[in-house]
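The values are calculated or read from the model by the stated rules, or taken from the named source; none is laboratory data. Just so it is clear, the structure is predicted and the values come from calculations on it, not from any experiment. Here the Cβ positions follow ideal geometry from the backbone for every residue, glycine too, while neighbour counts run over all protein chains shown.
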Amino acid sequence: MSSDAAAVDRLLAVELLAVDPTGLGGVVVRGAPSLAGDENGTLLQELLGGAALFRLPLHITDDRLFGGLSLAATLHRSRPVYDRGLLAQAHRGVLAVASAERLRRGVVAALCEVLDRRVISVEREGQSVSHPCEVALVAFDEGLGDERVDDALADRLAFRVRADGTRSIRASSPRTSLTAEARARLEGVLVDDESIEALCAGAMSLGIVSLRAPILALRAARANAALAGRLAVTADDLAVAARLVLAPRAKRAPADTGPDHEGSEAPTDPQPTPSESRASDDTDDAPATSADALAEVVVEAAKSGMVAGTLDSMVLGKTRARVGSIGRAGEERTVTTGGRPAGTVAAVPGDGQRLAVVDTLRAAAPWQTLRERRPGRSVVVAKQDLRVFRCKQRVESTVVFCVDASGSTALQRLAETKGAIELLLADCYVRRDHVALVAFRGESARVVLPPTRSLARVRRCLGELVGGGATPLAAGIAAAQAVAIEARRQGKSPLVVLLTDGRANVARSGEVGSRCGSDDSTRAAGELARANVPALLFDTSARPRTAARELAVAMAARYVPLPYADSARIAGGVRDAVERGR
């Protein structure tokens, strides 16, 4: 899609959102901050007839979002007085969210509730109070690489457009009068069953599983018809809805259902009699043909709306599910010193903690009428009122590869592991994460590579790694656990990745035998689980083995059978495991 076409689609998306802001929810604008700007929000504000524009800060507090105690009014009146939050104030307005991909989960949940229920509920003195909240949300997605707006929030917003072109969407003047007339006309726009079936069939053909997608597409089609002055949805309206709503959500290339489709077979059922054919033609064929034709229009329109290259990668099967980078793998710790602000917590200040003066006074305000005031003191603060600032810190990740370097097939597994580590190291270097390597063979295990981000050091150590000998699996697990525990002691978030077929023939005591080796490896796996170290086990045997699966259960690890392992699949599996917080 060219930059001019993208700019036209952005303008049309904003105009349709102005026609039905409540039904369509909003728009996700993907692009760099300098390109996205506030243009979409201010244009939508104008198209809505001067609706108020509210900006939602990235690290907004709950009191500001939902409404909280008004400190000045409460102290003045000696009774609780509450302010309305940003969500309640934004009712029937435009809510612009910058860096929406970085919103914390609590804010995302609140926005999802608003878009679903169109009200916001808050607790006031043990009672639930609801405020109406119908907003048009403009979420600016300024993430890089795999960073995206939360799926739950994006699923509730009809449009996803890009701001990667140079053409301004304000090249044409806002059609405020037309959108106002379209809003008045929207309730009278009719839609037939064939159009609904076509949108649902198109969504299924594109691999879209969310039921919200065809519903939002239908609302977009009705809004486009109202904007064009029509009172019924046509094929052109369905095409616009498919291009703007369904195309950005496509998960696969549409299936080719034509007669020349590879692998299609002729029908084997007996031919119907002439009377049966006439009866069928009189009843079902005409509506079905109409619905199929509309569905084809929807699919073709969705194809035209896909970003260049996306459809080709889907056809070739190269499109992969989005996985988080290693840098997002680290856990988030709640601390009271350092990190980014994340509200306050009741505590007595100490060890460098900062007193939250405003929140402390807000906690003390409702109790002033019950507390004895001393001369010269207008506010009485008790110990239980004290609040300190709470912060969030992202913890770096350490991925500990534990590799079975024994046996005749070790060279193949080592080659795969070397490739996987090098693939992951590029992410780790950017995200300031670490990779460690533990290899076990013969009678013991050794730490080949301590946690590091040095690309040259990794390549040098991997080149020196050799295989062959017996399988001291228990020693390997114990060595990996020691590296992981040390990484956790240094403030990092560890993940152990074990590549083995599950067979062991050497115990940690040096005793040789498959029975004692297996029992000892199971005990070592249990120790790793009790240490609460996340783990991932790749079964590298030719066929998935029961021993490897049982070992994964003992380790409380995710089991991945990988008989035909390659470095890309191993790297992808590790990224996925780390993203899930395992």
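Just give me the residues in the stretch 497-532 being β-branched (Val, Ile, Thr), surrounded by fewer than 24 Cβ atoms within 10 Å (Cβ to Cβ) and either at pLDDT 90 or above or under 31 Å from the mean Cα position of the chain (by Cα) (or both), in sequence order. Thr522, the sole residue that qualifies.
Within the stretch 130-140, can one find any residue that is surrounded by fewer than 19 Cβ atoms within 10 Å (Cβ to Cβ), on the phi < 0 side of the Ramachandran plot, at pLDDT below 90 and part of a strand (DSSP E or B)? Yes: the stretch 130-140 contains one or more residues that are surrounded by fewer than 19 Cβ atoms within 10 Å (Cβ to Cβ), on the phi < 0 side of the Ramachandran plot, at pLDDT below 90 and part of a strand (DSSP E or B). For the stretch 92-131, enumerate the residues that are farther than 14 Å from Leu153 by Cα and without any contact (Cβ under 8 Å) to a residue 24 or more places away in the chain. If the condition is that a residue be farther than 14 Å from Leu153 by Cα and without any contact (Cβ under 8 Å) to a residue 24 or more places away in the chain, then Val119, Ser121, Glu123, Gly126, Gln127, Ser128, Val129, Ser130 are the ones that fit. Looking at the stretch 213-250, which of the residues that are over 19 Å from Val19 (Cα atoms) and not hydrophobic (A, V, I, L, M, F, W, C) is surrounded by the most Cβ atoms within 10 Å (Cβ to Cβ)? Only one residue fits best here, namely Pro248. The number of residues in the stretch 54-109 being charged (D, E, K, R) and assigned to a strand (DSSP E or B) comes to 1. Restricting to the stretch 119-144, name every residue that is over 23 Å from Leu69 (Cα atoms) and not acidic (Asp, Glu). Matches in the stretch 119-144: Val135, Ala136, Leu137, Val138, Ala139, Phe140, Gly143, Leu144. Within the stretch 443-453, one or more residues are closer than 18 Å to Leu537 by Cβ, modelled with pLDDT of 80 or more and touching a helix residue (DSSP H, G or I) at 6+ places or on another chain (Cβ under 8 Å).
Do you know which residues across the stretch 536-551 are buried (at least 21 other Cβ atoms within 10 Å of the Cβ) and either at pLDDT 90 or above or part of a helix (DSSP H, G or I) (or both)? Scanning the stretch 536-551 gives Ala548, Leu551.
In this structure, Asp359 qualifies as modelled with pLDDT of 80 or more, within 33 Å of the chain's Cα centre (by Cα), not hydrophobic (A, V, I, L, M, F, W, C) and not assigned by TED's automatic domain parsing to the domain that holds Leu499.
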